[in-house]
Amino acid sequence: MRLGVNVPNFGPGTDPGVLREWAGVVEGLGFDLLMMSDHVVITPEVAERYPEPFHEPFTTLSWLAGITTRVRLGTTVLVLPYRHPLLVARMAANLHRLSGGRLVLGVGVGWSRQEFEALGVPFAERGKLTDEYLSVLRANSSVPIWVGGNSAAAIRRAELYGDAYHPLRNTMPWLRAARDRCRGTAFAPRIALRLTAEPVTGPERPAGMGTLEQVLDDLGRLRELGAETVLLDPYNGDPEETRRPEAAWRALTAVMTHWRSAS
C-alpha cells in the first residue's frame, strides 16, 4: 500500500518557498503521492474554509513537477464542472506528459453554491455535468482518474468512470462499509492526519486521528481492506496552521518512519 499527502495550497502561510519545502518533505520522506485541492473563485463561503492565497492546482502542480523527480502529483479533488472537459483533458494530458507520467486526476462535483454562481455554472446540475464530463475525460485522456466524494452517486461514478474510488475523511467503520459497496474499482481513501498525546475514542473518531499507534492501526486496517493508496491530510481546518507547517512535517515523519519499520 502506498502513502500520499494532501498538501495545503491555500492559506496565509502558503507562499512559493513553503510549497517548495512541502514538496521536498513529501518526496524526501518517501511518500508516493502529493495532492492539492481546487477552487477557482474564492467566494466568502470558500474563504471561510480555504482563504487566499489559493494556488490553482494545475499551475502549482506543473511548477512542482519541475522541482521534483519521483513523487506522483494530483488533485484532491478538482471540481470537475468548473472547467470545460476538453480543457481539463488537455491540461491533464500535458501535465502528465511533462511530468513523466506522474499525474493522478482526482475529481468531484463541488459544494460551494456561491462559487458555482460566480462561474455561471448551474449548481443544481453539478451531478449531471460531472457524469457528462467524466465520460468526455475517459474518451480523451489516459490520465488515471480518481472519483472523490462520500455519496452513493460518487461510488457509482467511480465504478463507471474511475480508476479508483477516493472517499474523503471519514471514520473507519464508514470506510469499511464504503469498501464493501465499491468492489468494482480500486480503493484510495483520503484520511485525516492528526496525532494526539492521548488516545481518541468514540465511534465518530475520524480515521487518522489519535495516537501514532491508532493511526498506524488505521493504516493497517485500510491495507487489509485492499486500499492501494491512502492519502494523509494534515490540514485540520485552521488556516493559521499554514503558517506553522513544521508540526505537520513532524507528524508525517513519525508516521512514515514507523510505517516503514512495521512493513
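SER112 satisfies every condition listed in (1) closer than 21 Å to LEU231 by Cα; (2) of a type in the set (Gly, Ala, Ser); (3) in contact (Cβ under 8 Å) with a residue 60 or more places away in the chain except (1). Taking the listed residues LEU119, LEU73, LEU78, the one that is in contact with an Asp or Glu (Cβ under 8 Å, 6 or more places away or on another chain) and under 20 Å from HIS55 (Cα atoms) is LEU78, with no other qualifying. In the stretch 160-204, the qualifying residues are those that are touching a residue at least 40 places away in the same chain (Cβ under 8 Å) and outside any strand (DSSP E or B), and the one that is surrounded by the most Cβ atoms within 10 Å (Cβ to Cβ) is ALA188. Restricting GLY100, GLY30 to those that are over 28 Å from ALA247 (Cβ atoms) and surrounded by fewer than 18 Cβ atoms within 10 Å (Cβ to Cβ) reduces the list to GLY100. In the stretch 207-225, the residues that are at pLDDT below 95 form no Cβ pair under 7 Å with any partner that is in a loop (DSSP other than H, G, I, E, B) and surrounded by 23 or more Cβ atoms within 10 Å (Cβ to Cβ), whether six or more places apart or across chains.
A single entry from VAL46, VAL18 fulfils the requirement of being of a type outside the set (Lys, Arg), open to solvent by less than 30 Å² (accessible area, probe 1.4 Å), over 21 Å from PRO189 (Cα atoms) and touching a His at 6+ places or on another chain (Cβ under 9 Å): VAL46. Does any residue of the stretch 26-39 turn out to be assigned to a helix (DSSP H, G or I) and of a type outside the set (Val, Ile, Thr)? Yes, the conditions are met somewhere in the stretch 26-39. Once the stretch 121-140 is narrowed to residues that are open to solvent by less than 40 Å² (accessible area, probe 1.4 Å) and hydrophobic (A, V, I, L, M, F, W, C), the residue that is nearest to TRP111 (Cα to Cα) is PHE123.
Of the residues SER37, SER99, the single one that is in contact (Cβ under 8 Å) with a residue 24 or more places away in the chain and in contact with a Phe, Trp or Tyr (Cβ under 8 Å, 6 or more places away or on another chain) is SER37.
Number of residues in the stretch 240-263 that are open to solvent by less than 30 Å² (accessible area, probe 1.4 Å) and of a type outside the set (A, V, I, L, M) equals 3.
Answer with yes or no whether GLU115 is open to solvent by 20 Å² or more (accessible area, probe 1.4 Å) and not aromatic (Phe, Trp, Tyr). No. Within the stretch 218-263, the set of residues being of a type in the set (A, V, I, L, M) and either part of a helix (DSSP H, G or I) or more than 16 Å from the chain's Cα centre (by Cα) (or both) comprises LEU219, LEU222, LEU225, ALA247, ALA248, ALA251, LEU252, ALA254, VAL255, MET256, ALA262. Right, VAL41: of a type in the set (Val, Ile, Thr), buried (at least 22 other Cβ atoms within 10 Å of the Cβ) and either within 14 Å of the chain's Cα centre (by Cα) or over 24 Å from ASP163 (Cα atoms) (or both) or not? Judged against the criteria, VAL41 is not a match.
The values are calculated or read from the model by the stated rules, or taken from the named source; none is laboratory data. The structure presented is a predicted model; accordingly, all values stated were derived computationally and were not measured. Ideal geometry is used to build each Cβ from the backbone, glycine not excepted, and the neighbour counts take in all protein chains shown. The protein model used for the area step is the full one, side chains on, heavy atoms only, and it has no ligands, DNA or RNA in it. Shrake-Rupley method; radii C 1.70, N 1.55, O 1.52, S 1.80 Å.
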